[in-house]
Amino acid sequence: MDAFSVSLANGLNEPEMKRKKTFVIAAVFAFFQALMPMIGWICVNTVVQYFEIIKGFIPWIALILLLVIGGKMLAEGIKNKNVVAKKLR
C-alpha cells in the first residue's frame, strides 16, 4: 500500500511523467521491496545462530512487535480522528 500510494501521488503530481522516469521509480520500489525481506531473513538467521535459546520464541517476538505497532497505529488514528473532528466544527 505504501508503494501504491506514493505511485499515485507521483502520477497525480506529474501527469506527463516520462516513461523512463516511471520505470526508474518502479525499479527502485521493486529493489527495496525485494531487499527488505532478505535483510530480515539474514538478521533472524544470524540472531538464531548466536542465540539458539531464543529460537522457539521468535514467532512470539514477531507477534508482540506486530501487536505493538498495530496498537500504536490504532491509537494514533483514533487520536487524530478526534483532532480532525474538532477542527471541522
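Every read-out reported here was derived from the displayed coordinates using simple, explicitly stated rules and does not represent laboratory data. These numbers come from a predicted model, not from an experiment. Note that we place each Cβ from the backbone using ideal geometry, even for glycine, and neighbour counts take in every protein chain shown.
Remarks
- Pairing residues of region 23-44 that are within 15 Å of Ala62 (Cα to Cα) with residues that are surrounded by 10 or more Cβ atoms within 10 Å (Cβ to Cβ) and not basic (Lys, Arg), at Cβ distances under 8 Å and at least 6 apart in sequence or on separate chains, gives Val44/Ile58.
- Test: residue in region 44-51 that is surrounded by 10 or more Cβ atoms within 10 Å (Cβ to Cβ) and closer than 18 Å to Phe4 by Cα: no
- Some residue of region 2-22 being surrounded by 10 or more Cβ atoms within 10 Å (Cβ to Cβ), aromatic (Phe, Trp, Tyr) and part of a helix (DSSP H, G or I): no
- Yes/no for Ile58 being part of a helix (DSSP H, G or I), over 24 Å from Met1 (Cβ atoms) and free of Cβ contacts under 8 Å to residues at least 40 places away in the same chain: yes
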